[in-house]
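This report refers to the structure that appears directly beneath it.
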Amino acid sequence: METIQNPGSSDREILAGMLARAFANDPLAVHVFPDDAVRHQRLVAVYRLYLRIFSRSGVVVTNRDRNAASLWLPPGRYPLSLAEHLRLLPRMAMATGLTALPSALHVLSHLEQMHPAGRTFWYLGVLGVEPVKQRTGLGGTLLKTGLDVCDEQGAASWLETAEPSNLPFYSAYGFEVLGASELRNGPRVWSMWRDARENRDW
């Protein structure tokens, strides 16, 4: 695995397409983009934007084949400030389309309200693997790469997911459910927390 501080345009395009395929059936993606015909295109645009944000303010971890990636923000960088949100709003509108923008903003607001205030943590915003490569160990390798950094710094980590099958996966690496809530007319979302570990036994 390698860390990319500033992915070039070609890497962003490859990774955005991969993440769009990885999250094509994610409950949040389906909630925001219920139309199967446009979901992939919109998700590519959204993850293209995410890659810009995370590479500028955080860390993008991927592999040589670019068929797996995780996006992290360091302590103090999540949630984004009001000024950052306002700067990103036009780009978000272009990525989601005006029809889906209210739903997308509601999801982002809901997730931010779930964040553990007053705590210091690395935020795992995205972890995705090309569908044909899922369940081959790539996701676990990605996760361990990021968690090793957290543990070396003595920092906790936090994430949210709306996919129930992700709960045992993350639990296997030390995450515990911190809370859960349901979006209005949408899926249930879980937040998960992991304290730093001195001794790791993967």
Which of the residues that make up region 139-162 are surrounded by fewer than 17 Cβ atoms within 10 Å (Cβ to Cβ) and charged (D, E, K, R)? Lys144, Asp148, Glu152
Can you pull out every residue in region 15-60 that is β-branched (Val, Ile, Thr) and over 12 Å from the mean Cα position of the chain (by Cα)? Val30, Val32, Val38, Val44
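A quick yes/no check of all residues on (1) at pLDDT 95 or above; (2) over 22 Å from Ala68 (Cα atoms); (3) basic (Lys, Arg):
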{"residue": "Gly128", "(1), (2), (3)": "yes, no, no"}
{"residue": "Lys133", "(1), (2), (3)": "yes, no, yes"}
{"residue": "Leu142", "(1), (2), (3)": "no, no, no"}
{"residue": "Glu160", "(1), (2), (3)": "yes, no, no"}
{"residue": "Leu167", "(1), (2), (3)": "yes, no, no"}
{"residue": "Glu198", "(1), (2), (3)": "no, yes, no"}
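Which residues, taken from region 20-29, are assigned to a helix (DSSP H, G or I) and in contact (Cβ under 8 Å) with a residue 24 or more places away in the chain?
Residues of region 20-29 that are assigned to a helix (DSSP H, G or I), as a first pass: 20-22, 27-29.
Of everything in region 20-29, those that are assigned to a helix (DSSP H, G or I) and in contact (Cβ under 8 Å) with a residue 24 or more places away in the chain turn out to be Ala20, Arg21, Ala22, Pro27, Leu28.
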Filter region 49-73 down to the residues that are touching a helix residue (DSSP H, G or I) at 6+ places or on another chain (Cβ under 7 Å), in a strand (DSSP E or B) and not polar (S, T, N, Q), then identify the one that is surrounded by the most Cβ atoms within 10 Å (Cβ to Cβ). Ala69
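Restricting attention to region 86-106, does a residue exist that is aliphatic (A, V, I, L, M), crowded, with 16+ Cβ neighbours inside 10 Å and without any contact (Cβ under 8 Å) to a residue 12 or more places away in the chain?
Yes, because at least one residue in region 86-106 is aliphatic (A, V, I, L, M), crowded, with 16+ Cβ neighbours inside 10 Å and without any contact (Cβ under 8 Å) to a residue 12 or more places away in the chain.
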Check whether at least one residue in region 102-120 is assigned to a loop (DSSP other than H, G, I, E, B), of a type in the set (D, E, K, R) and at pLDDT 95 or above, and report yes or no. no
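State whether the residues of region 37-48 include one that is touching a residue at least 24 places away in the same chain (Cβ under 8 Å), among the basic types (Lys, Arg) and either outside any helix (DSSP H, G or I) or surrounded by fewer than 16 Cβ atoms within 10 Å (Cβ to Cβ) (or both). So that I can check it myself, show each step before the final result.
Within region 37-48, the first condition is being touching a residue at least 24 places away in the same chain (Cβ under 8 Å), and the residues that meet it are 38, 42-48.
This time we only want the ones that are among the basic types (Lys, Arg), so: 42, 48.
Imposing the further condition that a residue be either outside any helix (DSSP H, G or I) or surrounded by fewer than 16 Cβ atoms within 10 Å (Cβ to Cβ) (or both) reduces the set to none.
Within region 37-48 (the criterion being touching a residue at least 24 places away in the same chain (Cβ under 8 Å), among the basic types (Lys, Arg) and either outside any helix (DSSP H, G or I) or surrounded by fewer than 16 Cβ atoms within 10 Å (Cβ to Cβ) (or both)), the answer is no, since none of the residues qualifies.
The values are calculated or read from the model by the stated rules, or taken from the named source; none is laboratory data. The structure presented is a predicted model; accordingly, all values stated were derived computationally and were not measured. Please note: Cβ atoms are built from the backbone with ideal geometry, for glycine as well, and neighbour counts cover all protein chains shown.
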